[in-house]
Each structure stands twice: as structure tokens, then as C-alpha cells.
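Notes for the one structure printed next.
The values are calculated or read from the model by the stated rules, or taken from the named source; none is laboratory data. As the structure is a computational prediction, the values presented were derived from the model and not from experiment. Cβ placement follows ideal geometry from the backbone for every residue including glycine, while neighbour counts extend to all protein chains displayed.
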Amino acid sequence: MAFTPDAIPDALHSARTADTGFLTGVASEGFSMGPGGSSADARRSCVGEAVERLSLAGARGAFRAPLGSDARQVPPDAFRRFHPAQREDPAFAFEDPERGRLMSWLPARSLHGGRRVHVPAQMVVFEDPHASDGHREPHLEATTSSGVAAGPTFGFAAGRAILELIERDAFQRAWLRASAPPAFDWRASPRLADATRRELARLEELCGRFGAAFSLRVLDAAADVPVLLAVMRSDRLGVAVGCAADFHLDRAALNAVREAVHTHNWCLRLLPRPPLEPADVVEFEDHVRLHCPPSARPLSAALDASGERTASPGGPSSWAEVVEGLRREGIEVLLAGITAPEVRAAGYHVVRALSPDLVALDVRHDARFLGHPRLYRRWRDGPALDGPEHLVDVPHPFP
């Protein structure tokens with residue numbers, strides 16, 4: 001599907017997600033799509049996007065209880081979204097609830113050991129903090145679909161949701177810390193199948209015919225899961241990115257590039273719109289739009305600045321190794337089933353994954369997620385940082 005005459009023709013097979021707003025009362029994203037290597041893959045991806053949003057629209061099974069009244073509660077501050085300096089601003093949009101405040105909760109389980117917990121409903125689904133029955137509770141954060149996945153079984157959906165958490169944590173840290181990740185030398189990689197290298201070469205040639213070029217970058221990730229960032233440039237736009245985490249390196253490489261091509265075509269649609277200021281960024285389309293113009297290229301220069309190359313990034317090769325890697329690093333993951341009845345009847349499961357130990361991807365520039373200690377500790381790609389003033393103060397280009 002080509003969206004503008006100069007778009008890269010879709011050898012990727014994209015499908016467009018229908019607007020489910022009339023069913024859920026929650027507006028669908030305007031450019032929600034599913035790229036894939038075949039029309040069937042694209043359709044499955046697109047259906048997954050739709051059922052995720054349908055399931056996110058309601059807090060089925062939610063219950064209310066005072067904060068601190070049950071040892072099973074995982075309080076909002078356990079996720080460390082915001083830095084104390086952000087909350088000092090009297091205009092800051094989100095609240096830190098006090099102990100005893102009546103809040104809505106949803107049941108979840110820990111990945112390691114199956115421990116039953118209760119998590120704030122606002123952090124799981126698109127739950128209005130001002131309910132129709134008059135209940136009011138503090139607005140915790142701008143909830144997104146990051147860490148939500150659909151699949152034919154609970155286990156499949158949970159696995160994809162966990163990989164998405166790992167992917168977003170890796171990207172958010174790389175962006176905010178101005179990391180310069182090494183290039184993935186996919187032509188020389190012994191870990192890629194011949195068919196994958198041929199497909200990457202085909203996509204490279206296709207993009208080149210339209211004046212675009214991409215490089216794959218290896219991000220530092222939890223449990224050493226391969227996380228690849230595709231950085232696409234052209235004379236017509238600043239940057240378009242795609243990112244994927246998968247213990248199958250072939251899938252990570254292809255999915256990252258396919259998403260970057262999709263984002264490139266999205267950028268071309270957004271280019272005619274007036275320029276956007278960072279302070280105006282409140283949704284993911286704004287992030288893409290900010291980085292669309294060629295004049296914005298310097299903002300993302302660090303992403304593909306490194307000349308370092310690696311052909312064989314390490315990492316786990318099975319789900320068991322991913323789970324063990326997370327346990328070894330002390331990273332807790334909480335899983336909540338949020339499947340809507342209509343979705344369950346159709347044979348799908350939808351799972352939200354949350355982690356107090358990973359950095360979440362933010363969307364509102366006036367409420368960036370700057371509170372997590374992982375942003376400030378020493379990493380292989382950079383030193384320890386003292387505080388938010390040392391982080392990049394520009395919205396990310398993640399789609």
C-alpha cells in the first residue's frame with residue numbers, strides 16, 4: 001500500500017486497521033497498520049492490532065481498594081515513571097496518589113513463580129480515572145499500548161508482550177542517553193539464514209531506488225535479547241525508524257526494517273503539515289512528525305553515528321533462556337490478561353506486560369518517563385549520569 005506517489009511501493013504487504021472507536025468509545029490511532037512479509041502476515045498483524053485496542057478499551061474484572069490496603073498491590077510508584085524533579089513543577093499533569101486513596105486494580109501474575117498481584121487498572125487498560133459513577137482517582141500517566149500483544153494462546157501473547165517491553169526499554173535508554181549503537185553487519189552475520197540476507201538485500205535495493213537507505217543498529221538490551229533498530233535516511237526526510245526484539249535474529253532484522261519502511265511512508269504523508277515544536281508532542285504521530293523534515297536530521301544523528309560493526313550479536317536462543325536471563329538480572333515482569341469477550345470468542349488472547357524494572361516508552365513530552373534508575377546507571381555504552389539534566393531533551397522518533 002503506497003500512501004503518497006513517492007512512497008516506497010509496498011513489497012511489505014500492509015493492511016489497514018479498521019476504526020474500532022464506534023465499538024469501544026476510544027478513538028483508534030489514525031495510522032494503525034500491520035506490515036508483514038506476505039499479505040497473510042500483514043492481515044494477522046493488523047487483526048492483532050485491532051483486537052489489542054478492543055481489549056484495551058475496558059477494565060473488565062477491575063475492583064476498587066484503598067492504596068496500601070493489600071500486600072498484593074504493586075503501587076504506582078514501584079514503576080518509577082517520573083523523576084522527583086518533574087513532580088516539583090506545579091503544572092505537572094500527573095499525580096502521585098497518597099496511601100489510603102481509593103483506586104481501581106486489576107489482577108496480574110508474576111512471570112517468575114506465578115505470584116498473584118494487583119496492579120493499577122490505569123496502567124493496564126485505557127481506564128478513565130474519572131468514572132461515570134462519580135469515582136475519581138489520581139491520573140497516573142499517559143497509558144499507551146506498549147507491552148500489549150495478541151495471539152492464539154495466552155503464552156504466545158505474553159511472550160510477544162514481554163519482547164515489546166524489552167525492545168522499548170532498550171530504545172528509550174539508547175535515545176535518552178544519546179547512545180551511538182554499533183551497526184549490525186547483516187551481510188557477514190553467521191546467525192542469519194541465507195533467505196533473510198537475500199530479503200534484506202532486496203529491501204536495500206528497493207529503498208535505494210527511492211533515494212532511501214537504512215542501517216541496522218544493535219541496542220543494549222535486558223537479558224541480552226537481540227534488539228535491532230533500523231535507521232532509515234533519505235534526502236526527503238530526517239529519519240524513520242523501526243525496532244524489533246526477538247531471540248530469532250532473522251525475525252528481529254526483518255521486522256525492524258519493515259517497520260522503518262512503514263514509518264518512512266508515514267513520514268511522507270506527514271511532511272506537508274506545519275512544523276511541530278517539541279513541547280507540542282503529545283501522541284506517537286507527533287513524534288514521527290517532529291523528525292520528518294530533513295532539517296530535523298541532526299536531532300537523531302547519534303542513532304547511526306557509530307562506525308563500530310558487529311556481525312554476530314549474542315543473546316538467548318529460546319524462551320526459556322529469555323525468562324532465565326530476566327530472572328538473573330532481577331527483572332520482574334507482571335502479566336495481566338485483558339482479553340475482551342468478543343476477542344476471546346474469536347480465539348484470541350490479549351496480554352498486558354508490565355515491569356517495575358524496565359524503562360517504559362513515553363509519549364507526552366511534558367511528562368517523559370525520566371524516573372527509572374536504569375537511565376542513570378553505568379552501561380557498556382556510557383557512564384553513569386547524575387540526573388535528568390544530562391538526558392536528551394528532544395522527543396524520540398519512535399513510531
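The strands (runs of 3 or more DSSP E) falling completely within the stretch 37-124 that include 2 or more residues that are modelled with pLDDT of 95 or more and over 20 Å from PRO356 (Cβ atoms) map to 63-66. Contact map, the stretch 194-222: first residue of a type in the set (S, T, N, Q), second residue outside any helix (DSSP H, G or I), Cβ cut-off under 7 Å, separation 6 or more or different chains; pairs are SER215/ALA183; SER215/VAL231. The single condition among (1) in contact with a strand residue (DSSP E or B) (Cβ under 8 Å, 6 or more places away or on another chain); (2) surrounded by fewer than 23 Cβ atoms within 10 Å (Cβ to Cβ); (3) of a type in the set (Phe, Trp, Tyr) that PHE247 does not meet is (1). Filtering the stretch 304-315 for residues that are more than 17 Å from the chain's Cα centre (by Cα), in the same structural domain as ASP220 (by TED's automatic domain parsing), modelled with pLDDT of 95 or more and assigned to a helix (DSSP H, G or I) leaves a non-empty set. From the list GLY314, GLY325, GLY347, GLY330, the lone residue that is on the phi > 0 side of the Ramachandran plot and either among the hydroxyl-bearing types (Ser, Thr, Tyr) or in contact (Cβ under 8 Å) with a residue 60 or more places away in the chain (or both) is GLY347. Only one of the listed residues (PHE214, PHE184, PHE247, PHE210) is in contact with a Pro (Cβ under 6 Å, 6 or more places away or on another chain) and more than 30 Å from HIS83 (Cβ to Cβ). That residue is PHE247. Within the stretch 276-283, is there a residue that is surrounded by fewer than 24 Cβ atoms within 10 Å (Cβ to Cβ), out of contact with any helix residue (DSSP H, G or I) (no Cβ under 9 Å at 6 or more places or on another chain), touching a residue at least 40 places away in the same chain (Cβ under 8 Å) and not in a helix (DSSP H, G or I)? Looking for residues that are surrounded by fewer than 24 Cβ atoms within 10 Å (Cβ to Cβ), out of contact with any helix residue (DSSP H, G or I) (no Cβ under 9 Å at 6 or more places or on another chain), touching a residue at least 40 places away in the same chain (Cβ under 8 Å) and not in a helix (DSSP H, G or I), one finds at least one in the stretch 276-283, hence yes. Within the stretch 378-390, the set of residues being under 15 Å from ALA170 (Cα atoms) and either under 19 Å from the mean Cα position of the chain (by Cα) or surrounded by 12 or more Cβ atoms within 10 Å (Cβ to Cβ) (or both) comprises TRP379, ASP381, GLY382. Among the residues of the stretch 364-388, those identified as closer than 18 Å to SER146 by Cα and assigned to a loop (DSSP other than H, G, I, E, B) are ARG364, ARG368, PHE369, LEU370, GLY371, HIS372. If you filter the stretch 347-377 down to residues that are of a type in the set (Asp, Glu) and more than 25 Å from MET232 (Cβ to Cβ), you find that the one that is surrounded by the most Cβ atoms within 10 Å (Cβ to Cβ) is ASP357.
Being charged (D, E, K, R) and out of contact with any Leu (no Cβ under 8 Å at 6 or more places or on another chain) is the filter; apply it to the stretch 256-276 and report the residue that is farthest from VAL218 (Cα to Cα).
ARG273
Among all residues of the stretch 231-247, there is at least one that is touching a Ser or Thr at 6+ places or on another chain (Cβ under 9 Å) and closer than 18 Å to THR310 by Cα.
The residues of the stretch 127-136 that are in contact with a helix residue (DSSP H, G or I) (Cβ under 8 Å, 6 or more places away or on another chain) and in contact (Cβ under 8 Å) with a residue 24 or more places away in the chain amount to a single one, GLU127.
The single condition among (1) among the charged types (D, E, K, R); (2) surrounded by 14 or more Cβ atoms within 10 Å (Cβ to Cβ); (3) within 30 Å of PRO190 (Cβ to Cβ) that GLU332 does not satisfy is (3). Number of residues in the stretch 191-216 that are under 20 Å from ALA311 (Cα atoms), part of a strand (DSSP E or B) and touching a Ser or Thr at 6+ places or on another chain (Cβ under 8 Å): the value is 1. On the stretch given as the stretch 129-179, residues that are at negative phi, assigned to a loop (DSSP other than H, G, I, E, B) and either under 11 Å from the mean Cα position of the chain (by Cα) or hydrophobic (A, V, I, L, M, F, W, C) (or both) total 6.
Could you list, in sequence order, the residues of the stretch 174-193 that are in contact with a strand residue (DSSP E or B) (Cβ under 9 Å, 6 or more places away or on another chain) and surrounded by fewer than 24 Cβ atoms within 10 Å (Cβ to Cβ)? Hits for the stretch 174-193 are ARG177, ALA178, SER179, ALA180, PRO182, ALA183, ASP185, TRP186, ALA188, SER189.
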